Amino acid sequence: MSRRSRTWVIARTELRQLRQSPDFWLPMLILAGLFFVVIPTILLFAITHVHNDAVVARVATTLDVLPPRAKAAIHGFSPAGRTSYALAVYLFAPLAVIVPMTISTAVGANALVGEKERGTGEFLAHSPATEREIYLGKLLASLLPGYLTTILGFGIYSLIVNLIVGPQVGGWFFPTSDWWILMFWVVPPFLAITLSVVLRLSARVRSGAAAQQASGLVTLPLIIIAYAQSSGVLLGAGSTAIALGAVAWLAAIWGLMRGAGAVTRARLLGVEGATL
Amino acid sequence: MQSVVAGDVVVRLEHVRRAFGQVVGLSDLTLEALKGSVTVLLGPNGSGKTTAVRTITGALRPDGGRVEVFGLDPDAEGESVRRRCGVVSAKPALYDRLSGRDNLRYAADLWRLGDDAPVDASAARFGIEDALDLRVGGYSTGMKTRLALARAILHDPDLLLLDEPTSGLDPESSHAVLGLIDEMAADGKTVVMCTHLLLEAEGLADQVVMLQDGRDLISGAPEALVARYWPNPRVMVDAEDRSALDVLATMDGVVAYERNGSAAAVELDDLKRVPDLVARLAADGVRLTRVVPHEPTLEDLYFAVRDRGVE
């Protein structure tokens, strides 16, 4: 069995524990459902099916603020088509960032301090797993629920958008190429950057509550940055998005390497001073 | 019980120090545990027993001194050391949301035992095979300790470290723990056990290391330590009229005599003197109710070391 698999063993056990706690994952699922399904469905359905042309026309006029590239994409559609297309493609994009970050932060914040609080850190500390394996296992276990929920939500969102907006704009059009870049090139590194910070906090604080609070404070600016950047990815040129993703990946790798050092056996045992 | 014989040193700690900020965990601990022996670390809470165990597996890095386990430095070669160690900590350190089987499976995977890991056999050894598919959160304290024991021996460790393993256990579970220690030692495994319950160490220990304030006060085989503090045999003598026993203080062969309102404790130069003493007392009309040799326990030893210091 390879070293990687011990990392996977730790991640799998963490995920198994999450699965056993509906009180934890149910709110996360509701959050994803709201952002990816309920809100888009209601808004897009209202725009495409409410026959108040004056309101839709007024909303369509506000789309003049979009950059030329985006305006070109919606050129030639009806006001309802333009509005719903713009909402689906440009304005809901940041949701794709908020959902994974929120879920992964919640999981990651408890990942290491939880071991300390439950006393199970003692077991891990005496196990043959290396600190790096423990860190990577926890990272994977924090990353997967948020990212997989987002991918699943993205799939459902795509279906909703195509079913509701598609008829207005001449057929199925979603995901656009920019969304592919966003989901698979820009979101993962931002998630990794966030988790590198959250796991460091989780290794250092003394309680889950402290970890949640500190993570919330630290990740809020990151979420805002990610929110802004993801909008920019969809509104700007594709090359900008790729460059932004590359920079984010570099930052993520640097952050993850630094974060690995925060996991020590003494911290798992809860005998090393709590510092941020 | 297996006697200590000159063999490989499995655990060697030399002048080990470890502090946690201002709090000293270990101030100067030196000990050796030989292959196939049972070493009992005795000491009150806060004396450094848990820190010693954590240092042995390399879970904690010492601030100073030298640690060697299986001839390896646990700090530098921790993975190799920990692979051969089984640890039962003071709290069972189990995952409450998982089943007993998942807990054992997790350990089996971390120790890379593969699919053939003896999960069921380990559980059966401690009588919890029927509860293996239940969530550990619903286990009693005794069941949790049994599961922790099953997990600790899953990979057939060469060194078993037990930190207060019988704390809060019912007699049956305590018996299972002590039975395991006996079996492990009989199989040639090395056992290091921390406890402040002197009775449970009685009869198990090949070597006792008494700790206080993070340092070893005294160590050695229990019999040798007892002999050091009580070089002469002792006999407890009681009679209907206890004041009549005071004549013992003047008899031949009596090294020390003590009577504090209860039975008399008589220290003799030789246990063979007892029949003469009994005959003499009987001749003097003393109606004896009890004459028993008194073998000091570890508890006696513990308090003697504490009260009289290291001798």
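Counting only helices (runs of 4 or more DSSP H) that sit completely within the range A:158-244, those holding 2 or more residues that are at pLDDT below 85 correspond to A:177-181, A:208-235. Taking the numbered list (1) under 17 Å from A:M28 (Cβ atoms); (2) more than 14 Å from chain B (Cβ to nearest Cβ) in turn, A:A210 passes all entries but (1).
Scoring B:P62 on the criteria (1) assigned to a loop (DSSP other than H, G, I, E, B); (2) away from chain A (no Cβ under 14 Å) leaves a single failure, condition (2).
Among the residues of the range B:237-252, the ones that are in contact (Cβ under 8 Å) with a residue 40 or more places away in the chain and closer than 17 Å to B:D270 by Cβ come to 1 in all. Within the range B:172-188, track down each residue that is within 19 Å of B:C85 (Cα to Cα) and without any contact (Cβ under 8 Å) to a residue 12 or more places away in the chain. Listed by number, the residues that qualify are B:G179, B:E183, B:D187. When B:A249 is tested against (1) buried (at least 19 other Cβ atoms within 10 Å of the Cβ); (2) not in a loop (DSSP other than H, G, I, E, B), just one condition goes unmet, and that condition is (1). Annotation note: of B:A76, B:A90, the sole residue that is at the interface with chain A (Cβ under 9 Å from one of its Cβ atoms) and on the phi < 0 side of the Ramachandran plot is B:A90. Could you list, in sequence order, all residues of the range B:104-122 that are part of a helix (DSSP H, G or I) and more than 9 Å from every other protein chain (Cβ to nearest Cβ)? Hits for the range B:104-122 are B:L104, B:A108, B:V119, B:D120, B:A121, B:S122. The numbered conditions (1) free of Cβ contacts under 8 Å to residues at least 12 places away in the same chain; (2) closer than 17 Å to B:G36 by Cβ; (3) assigned to a helix (DSSP H, G or I) are all true for B:D156 except (3).
In the set (1) closer than 19 Å to A:W249 by Cα; (2) crowded, with 19+ Cβ neighbours inside 10 Å, the condition left unmet by A:P221 is number (2). Residues that are without any contact (Cβ under 8 Å) to a residue 40 or more places away in the chain and either on the phi > 0 side of the Ramachandran plot or assigned to a helix (DSSP H, G or I) (or both) were ranked within the range A:100-135; the one that is farthest from the other protein chains (Cβ to nearest Cβ) is A:R118. Taken over the range A:168-183, the criterion of being at negative phi and touching a Gly at 6+ places or on another chain (Cβ under 9 Å) is satisfied by A:Q168, A:V169, A:W172, A:F173, A:F174, A:S177, A:D178, A:I181, A:L182. Is it fair to say A:I47 is farther than 30 Å from A:T219 by Cβ, β-branched (V, I, T), crowded, with 17+ Cβ neighbours inside 10 Å and at pLDDT below 80? Taking the combined requirement at face value, the residue does not satisfy it. Could you look through the range A:6-19, keep only residues that are at the interface with chain B (Cβ under 8 Å from one of its Cβ atoms) and farther than 13 Å from B:A107 by Cβ, and pick out the one that is surrounded by the most Cβ atoms within 10 Å (Cβ to Cβ)? This residue is A:Q17.
Considering every residue within the range A:178-185, establish whether at least one is within 14 Å of chain B (Cβ to nearest Cβ) and either without any contact (Cβ under 8 Å) to a residue 40 or more places away in the chain or touching a strand residue (DSSP E or B) at 6+ places or on another chain (Cβ under 9 Å) (or both). Within the range A:178-185, not a single residue is within 14 Å of chain B (Cβ to nearest Cβ) and either without any contact (Cβ under 8 Å) to a residue 40 or more places away in the chain or touching a strand residue (DSSP E or B) at 6+ places or on another chain (Cβ under 9 Å) (or both). Taking the criterion of being in a helix (DSSP H, G or I), at pLDDT 90 or above and surrounded by 15 or more Cβ atoms within 10 Å (Cβ to Cβ), the residues of the range B:207-246 that qualify are B:R242, B:A244, B:L245. Picking from residues in the range B:125-142 that are within 14 Å of chain A (Cβ to nearest Cβ) and assigned to a helix (DSSP H, G or I), the one that is nearest to B:H175 (Cα to Cα) is B:T141. Scanning the range A:50-73 for any residue that is crowded, with 24+ Cβ neighbours inside 10 Å, over 24 Å from A:L15 (Cα atoms) and either away from chain B (no Cβ under 14 Å) or over 28 Å from the mean Cα position of the chain (by Cα) (or both) turns up nothing. For the range B:265-311: of the residues being in a helix (DSSP H, G or I), in the same structural domain as B:A249 (by TED's automatic domain parsing) and of a type in the set (V, I, T), which is nearest to B:Y229 (Cα to Cα)? Within the range B:265-311, the match that is nearest to B:Y229 (Cα to Cα) is B:V274.
When B:R101, B:R82, B:R18, B:R54 are checked against the criterion of being within 14 Å of chain A (Cβ to nearest Cβ), crowded, with 18+ Cβ neighbours inside 10 Å, part of a strand (DSSP E or B) and charged (D, E, K, R), a single residue qualifies: B:R18.
The values are calculated or read from the model by the stated rules, or taken from the named source; none is laboratory data. Since the model is a prediction, treat every value here as computed from it, not as a measurement. Backbone-built Cβ (ideal geometry, glycine too); neighbour counts: all protein chains shown.
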